[in-house]
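This report refers to the structure that appears directly beneath it.
Read the figures in this text as sums done on the coordinates, not as results from a lab. Quantities reported herein were computed from a predicted structural model and do not represent experimental measurements. Cβ coordinates were reconstructed from backbone atoms using ideal geometry, including for glycine residues, and neighbour counts include every protein chain displayed.
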Amino acid sequence: MAYILIHHTGCGTSRKGLALLEDKGIDVEIRKYMTAGGRLSVEELKSLAQQMGGVSPRAFMREKDAGLLNISEDLDDEALFAAMADNPKLIQRPIGVHRAKATLGRPIERLLDIV
């Protein structure tokens with residue numbers, strides 16, 4: 001089973017995470033979630049949260065962009081998942097997915113935790 005990297009080519013950390021995985025010889029399938037065809041659905045975001053150990057979407061949300069998009073701190077998880085699906089800039093990257101686990105690659109070495 002390939003390692004899936006939820007990746008944004010415009011992000012230096014995401015590019016470094018991909019390079020780390022490739023340097024380790026890991027077969028990586030890239031999911032460009034910022035493109036129209038690669039966007040994550042609400043269900044996929046919920047699945048990622050479960051694979052990360054049942055975390056809130058806030059655990060992998062970009063707080064800086066949430067502020068810029070006027071995302072209220074009072075929003076519940078359902079509303080946050082919907083906002084993240086509508087605005088992929090809100091999703092922190094990179095995120096690694098392998099087998100039944102996912103991890104936020106910050107720092108990038110965490111991507112190796114699920115191999």
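On a 0 to 90 degree scale, rounded to 10, what angle separates helix 42-51 from the longest Cα axis of the chain? The two axes meet at around 60 degrees.
Which order do peptides 87-99, 53-65 fall in by mean Cβ count within 10 Å, highest first? All intermediate terms of the calculation are to be shown ahead of the outcome.
Numbers: 87-99: 21.1, 53-65: 15.1.
Highest to lowest by the protection proxy: 87-99, 53-65.
If you fit an axis through the alpha-carbon atoms of helix 77-86 and take the longest principal axis of the Cα set of the chain, what angle between them do you get, 0 to 90°, nearest 10? With rounding to tens, the tilt is 70 degrees.
Compute the angle between helix 12-23 and the longest alpha-carbon principal axis of the chain, please, reported from 0 to 90 degrees and rounded to the nearest 10. Long axis of 12-23 versus the principal axis of the chain: about 30 degrees. Using only helices, what value at 222 nm comes out for the chain when you add -39,500 (n - 2.57) per DSSP H run of length 4 or more and divide by the total residues, to the nearest 500 deg cm²/dmol? Helix-only estimate at 222 nm: -9500 deg cm²/dmol.
How big is the antiparallel share of DSSP beta bridges in the chain, given as a percent to the nearest 5? Mind dumping the intermediate values first?
Working: 8 of 13 bridges.
Roughly 60 percent of the DSSP beta bridges within the chain come out antiparallel.
Note on the range 3-114: Lys pairs 8 or more places apart or on different chains, Cα atoms under 22 Å apart, count 15.
Farthest towards the positive end of the charge dipole of the range 3-114, among the residues Ser72, Leu21, Thr35, is the Cα of Leu21, using unit charges on the Cβ of Lys, Arg, Asp and Glu. When all alpha carbon pairs of the chain are counted in 5 Å bins from zero, the resulting P(r) reads 2, 13, 24, 25, 20, 11, 4, 1, 0 %.
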